[in-house]
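Engineer: Here's a structure for you.
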Amino acid sequence: MTAAAIIRQRTGAEPFDCAIVLGTGLGPLAETIADATVIPYAELPGFPGAGVSGHAGRLVVGRLEGRRVAVMQGRAHVYEQGDARVMKPAIDTFATLGARALLLTNAAGSLKADMPPGAVMAISDHIALFGPNPLIGLPGDARFVPMNDAYHPGLTAALARGAQRGGVRLHQGVYAWVTGPSFETPAEIRALQRLGADAVGMSTVPEVILARHAGLSVVALSMITNYGAGLAPQAPSHGETKTVAAEGAGAVAAVIRGFLSEMSA
């Protein structure tokens with residue numbers, strides 16, 4: 001039985017308004033879902049194990065702000081398995097289930113002095129020059145995916161309205177994807193700044209590419225947890241990432257709740 005079939009069997013066949021992937025430290029939002037059904041990734045064929053602390057590895061299905069949602073508490077990263085398609089089974093499952101939107105979240109480092117740790121940023125575009133494209137090796141012309149509007153303008157506008165509704169200042173910017181797991185060097189941070197990046201992180205972009213390949217509309221959100229290397233006295237660390245993400249989880253939750261309320265019916 002496929003993951004989509006298992007989810008339908010346990011939760012019903014009603015289409016999903018939104019599938020959500022919660023990044024490092026942001027999992028507590030899933031605990032507030034009404035009428036929740038919890039399915040460990042291990043019970044969903046193809047779903048990757050989330051092997052990084054701060055990622056619970058469960059799918060929670062239910063309702064949030066009256067919308068039917070499927071929420072991943074944690075993701076797998078390219079650096080865990082060396083496979084840019086590690087999230088493809090999950091993304092394809094959401095497409096099969098008829099999700100109207102895919103909302104991706106992450107913890108990221110800031111490249112801007114005026115976007116400090118604790119800030120929340122909507123991703124308007126991305127830079128993905130430094131890692132493998134997840135569509136490499138797939139057959140057919142469908143792999144030539146245009147990325148002009150990778151981040152759906154209408155959904156991003158709804159995200160901005162949702163942030164306003166939730167009383168959260170929402171930055172917008174370009175997200176640079178690097179594979180990790182080592183943090184960036186100061187020279188790499190300076191190079192990314194010159195390329196026009198506003199934030200940097202180790203996830204999300206492969207999922208965006210896979211989602212656009214699957215025909216899903218995408219919107220994405222970064223929780224800023226640190227400054228990039230060389231922009232602050234202390235070096236970045238995963239411990240800092242988890243701590244600041246947990247402290248800012250309430251703001252991210254407010255934006256997501258507002259976004260779901262602002263989604264067009």
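Engineer: Considering only region 181-188, I want to know if a residue exists there that is surrounded by fewer than 20 Cβ atoms within 10 Å (Cβ to Cβ), acidic (Asp, Glu) and touching a residue at least 24 places away in the same chain (Cβ under 8 Å).
Structural biologist: Of all residues in region 181-188, those surrounded by fewer than 20 Cβ atoms within 10 Å (Cβ to Cβ) come to 181-183, 185-188.
Going one step further and asking which of them are acidic (Asp, Glu), we end up with 188.
If we keep only those that are touching a residue at least 24 places away in the same chain (Cβ under 8 Å) too, we end up with 188.
There is at least one residue in region 181-188 that is surrounded by fewer than 20 Cβ atoms within 10 Å (Cβ to Cβ), acidic (Asp, Glu) and touching a residue at least 24 places away in the same chain (Cβ under 8 Å).
Engineer: Would you point out which residue out of 219, 205, 168 is β-branched (Val, Ile, Thr), surrounded by 23 or more Cβ atoms within 10 Å (Cβ to Cβ) and over 22 Å from residue 80 (Cα atoms)? Break it down into steps so the answer makes sense when it comes.
Structural biologist: Working: 205 fails: over 22 Å from residue 80 (Cα atoms); 168 fails: surrounded by 23 or more Cβ atoms within 10 Å (Cβ to Cβ).
That would be 219, the only listed residue that is β-branched (Val, Ile, Thr), surrounded by 23 or more Cβ atoms within 10 Å (Cβ to Cβ) and over 22 Å from residue 80 (Cα atoms).
Engineer: So residue 178 clears everything in (1) touching a residue at least 60 places away in the same chain (Cβ under 8 Å); (2) closer than 18 Å to residue 75 by Cβ except one condition, right? Which one?
Structural biologist: Every listed condition holds for residue 178 apart from (1).
Engineer: Looking only at region 148-157, decide whether some residue is in contact with a helix residue (DSSP H, G or I) (Cβ under 9 Å, 6 or more places away or on another chain), modelled with pLDDT of 95 or more and farther than 14 Å from residue 216 by Cβ.
Structural biologist: Yes.
Engineer: So which residues in region 73-112 are small (Gly, Ala, Ser) and either touching a Gly at 6+ places or on another chain (Cβ under 8 Å) or at pLDDT 95 or above (or both), if there are any at all?
Structural biologist: So the first thing to find is which residues in region 73-112 are small (Gly, Ala, Ser), and the list is 74, 76, 82, 84, 90, 95, 98-99, 101, 107-110.
If the condition is that a residue be small (Gly, Ala, Ser) and either touching a Gly at 6+ places or on another chain (Cβ under 8 Å) or at pLDDT 95 or above (or both), then 74, 76, 84, 90, 95, 98, 99, 101, 107, 108, 109, 110 are the ones that fit.
Results for (1) modelled with pLDDT of 95 or more; (2) farther than 23 Å from residue 114 by Cα, shown as yes or no for each residue.
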{"position": "194", "(1), (2)": "yes, no"}
{"position": "206", "(1), (2)": "yes, yes"}
{"position": "212", "(1), (2)": "yes, yes"}
{"position": "231", "(1), (2)": "no, no"}
{"position": "243", "(1), (2)": "no, no"}
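Engineer: Looking only at region 15-32, how many residues end up being farther than 11 Å from residue 59 by Cβ and modelled with pLDDT of 95 or more?
Structural biologist: Keep residues of region 15-32 that are farther than 11 Å from residue 59 by Cβ, which gives 15-18, 23-29, 31-32.
Subset that is modelled with pLDDT of 95 or more: 16-18.
Going through region 15-32 one residue at a time, the tally reaches 3.
Engineer: Within region 233-247, take every residue that is of a type outside the set (Lys, Arg) and closer than 12 Å to residue 23 by Cα and give me the one that is surrounded by the fewest Cβ atoms within 10 Å (Cβ to Cβ).
Structural biologist: Filtering region 233-247 down to residues of a type outside the set (Lys, Arg) leaves 233-241, 243-247.
Of the ones still in play, those that are also closer than 12 Å to residue 23 by Cα are 241, 245-246.
Working: 241: 25, 245: 27, 246: 18.
The qualifying residue surrounded by the fewest Cβ atoms within 10 Å (Cβ to Cβ) is 246.
Engineer: Sticking with this one: Find all pairs meeting these conditions: Cβ atoms under 9 angstrom apart; at least six residues apart or on different chains; first residue within region 159-174 and farther than 19 Å from residue 108 by Cα and in contact (Cβ under 8 Å) with a residue 40 or more places away in the chain; second residue small (Gly, Ala, Ser) and not in a helix (DSSP H, G or I).
Structural biologist: none
Engineer: Kindly indicate the residue of region 21-34 that is touching a helix residue (DSSP H, G or I) at 6+ places or on another chain (Cβ under 7 Å) and not in a loop (DSSP other than H, G, I, E, B) and also surrounded by the most Cβ atoms within 10 Å (Cβ to Cβ) among those meeting that condition.
Structural biologist: Keep residues of region 21-34 that are touching a helix residue (DSSP H, G or I) at 6+ places or on another chain (Cβ under 7 Å), which gives 21-22, 24-26, 28-29.
Narrowing further to those that are not in a loop (DSSP other than H, G, I, E, B): 21-22, 28-29.
Values: 21: 25, 22: 28, 28: 15, 29: 22.
My answer is 22.
Per-residue answers, yes or no, for (1) over 13 Å from the mean Cα position of the chain (by Cα); (2) crowded, with 18+ Cβ neighbours inside 10 Å:
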| residue | (1), (2) |
| --- | --- |
| 13 | yes, no |
| 36 | yes, no |
| 71 | no, yes |
| 81 | yes, no |
| 85 | yes, yes |
| 101 | no, yes |
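The values are calculated or read from the model by the stated rules, or taken from the named source; none is laboratory data. These numbers were taken from a predicted model, which means no experiment stands behind them. Neighbour counts are summed over all protein chains in view; Cβ atoms, including those assigned to glycine, are modelled from backbone coordinates with ideal geometry.
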